[in-house]
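The values are calculated or read from the model by the stated rules, or taken from the named source; none is laboratory data. Predicted model only: the values in this text are computed from it and were never measured. We place every Cβ from the backbone using ideal geometry, glycine too, and count neighbours over all the protein chains shown. Accessible surface areas use protein heavy atoms only, side chains included; no ligands, DNA or RNA. Shrake-Rupley method; radii C 1.70, N 1.55, O 1.52, S 1.80 Å.
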Amino acid sequence: MVQKTLYIVRHGQTEYNKLGIIQGRGVDTDLNDEGRKQACQFFEAYKTVPFNKIYISALKRTQQSIQPFIDLGIPYEKLSGLDELAWGIHEGQSPTIDNKAAFLQIMRDWLDGKLDSKFEGGESPLEVEVRQREAMEVIMSHPEEKTVLICMHGRALRLLLCILTGKPLSEMDNFPHQNLVLYKVTYNGERFEIIDFNNAEHLKHSEE
């Protein structure tokens, strides 16, 4: 019976996060100073956890967020299935009245269960679900990896938590997040359970 504990975090802050610019799957940004500080804070809080493996998306902001763990020699693997949802034509765009309205509308669609709605050139939640399930198959196919660290992205994280807990994707907004927040999820061989929800305690400790 496969039993696992998954530590699932969102990447640290980027300058685009700070400025409210849409990143998505197609914009490969670096962490800013605040994001690097968050990465250090998370490492300080969880560096003694005996992680067997690290899984990250193909975007460098996830690797930068957990690089201190990689530096310990913990093996890691990039899975593009963990990438952020692609926002298509809106990626790299600063917030405007028009694109804010477009985002509000697509969020309403998703809440209403219209999960195939997407922006031009982007992905729908249903499309992201397909690649996330493939990524989870890889992660769950290694029973020897009892404790796993996964670093991914905000919208993708919300969708994955729906998938793991068996909730409809339309309930994705029930999973709040911020940069480098932690969701700890256990798998007992039959079902996933969130045992630590949106934990940001590690971000409250200023560095000595």
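Largest first, how would 72, 115, 6 line up by accessible area (1.4 Å probe)?
On the way: 72 105, 115 25, 6 0 Å².
My answer, sorted largest first, is 72, 115, 6.
On the protein heavy atoms, probe 1.4 angstrom, tell me the percent of accessible surface of the chain carried by carbon and sulfur.
Values: 4740 of 9790 Å².
Carbon and sulfur atoms account for 48 percent of the accessible area of the chain.
Accessible area per residue for the stretch 2-201 in Å², computed with a 1.4 Å probe and the full protein assembly in place, what is it? Mind showing how you got there, number by number?
Numbers: 8920 Å² over 200 residues.
For the stretch 2-201, the per-residue accessible area is 45 Å².
Figure the gain on full extension for residue 108 and residue 194 (residue separation times 0.36 nm, minus the Cα-Cα span) and round it to one decimal in nm. Numbers along the way, then the final one.
Working: separation 86, 0.36 × 86 = 30.96 nm, distance 2.58 nm.
Here the answer is 28.4 nm.
For the chain, modelled as a Gaussian network with Cα springs under 10 Å, which listed residue fluctuates most, 45, 156, 58?
45
Please report how many Lys pairs in the stretch 100-208 have alpha carbons closer than 25 angstrom, counting only residues at least 8 apart along the chain or sitting on separate chains. Display every interim value, and only then the final one.
Numbers: 100/114; 100/118; 114/167; 118/167; 146/167; 146/184; 167/184; 184/204.
Final tally of qualifying lysine pairs is 8.
Heavy atoms only, probe 1.4 angstrom, no DNA, RNA or ligands counted: give me 90, 142 ranked by accessible area, highest first.
On the way: 90 25, 142 55 Å².
Largest accessible area first, the list is 142, 90.
Would you please give the residues with an amide H less than 5 Å from that of residue 79, counting only those at least 5 places away or on a separate chain, with H modeled from the backbone geometry?
Correct list: 56, 57, 58.
How much net charge surrounds residue 157 when only the other residues with a Cβ under 11 Å from the Cβ of residue 157 are counted, with Lys and Arg +1 and Asp and Glu -1? The partial results should precede the final answer.
Details: positive: 10, 155, 158; negative: 84.
That sum, taken over residues with Cβ under 11 Å, equals +2.
For the chain, calculate the relative contact order in percent as a whole number, restricting contacts to Cα pairs under 8 Å that are 6 or more residues apart. Before the final figure, lay out each step's value.
Details: 398 pairs, mean separation 67.8, N = 208.
After rounding, I find 33 percent.
Which one of 186, 139, 20 has its Cα pushed farthest toward the positive end of the charge dipole of the chain, where Lys and Arg give +1 and Asp and Glu give -1 at the Cβ?
With unit charges placed on the Cβ atoms, the residue in question is 186.
Ordering 195, 22 by accessible area with a probe of 1.4 Å, largest first, what comes out?
On the way: 195 90, 22 40 Å².
Per-residue accessible area, sorted high to low, gives 195, 22.
Which whole-number percent gives the relative contact order of the stretch 1-72, counting Cα pairs below 8 Å spaced six or more residues apart?
Answer for the stretch 1-72 is 36 percent.
Taking the Cα centre as origin and putting +1 on Lys and Arg beta-carbons and -1 on Asp and Glu beta-carbons, what dipole magnitude results for the stretch 151-208, to the nearest 20 debye? Don't skip to the end; give the middle numbers.
Numbers: 6 positive and 8 negative charges, 51 e Å.
It works out to roughly 240 debye.
With Rg and the Kirkwood Rh both taken from Cα atoms, where does Rg over Rh land for the stretch 33-168? Intermediate values should be presented prior to the final figure.
Details: Rg = 16.6 Å, Rh = 16.4 Å.
Taking Rg over the Kirkwood Rh, I get 1.01.
Given Cβ point charges of +1 (Lys, Arg) and -1 (Asp, Glu) and nothing else, what value in debye, to the nearest 20, does the dipole of the stretch 69-195 about its Cα centre take? Write out the running numbers ahead of the final one.
On the way: 13 positive and 21 negative charges, 65 e Å.
It works out to roughly 320 debye.
Need the C-alpha centroid separation for the stretch 100-149 versus the stretch 1-77, integer Å.
Computed from Cα coordinates, the inter-centre distance equals 19 Å.
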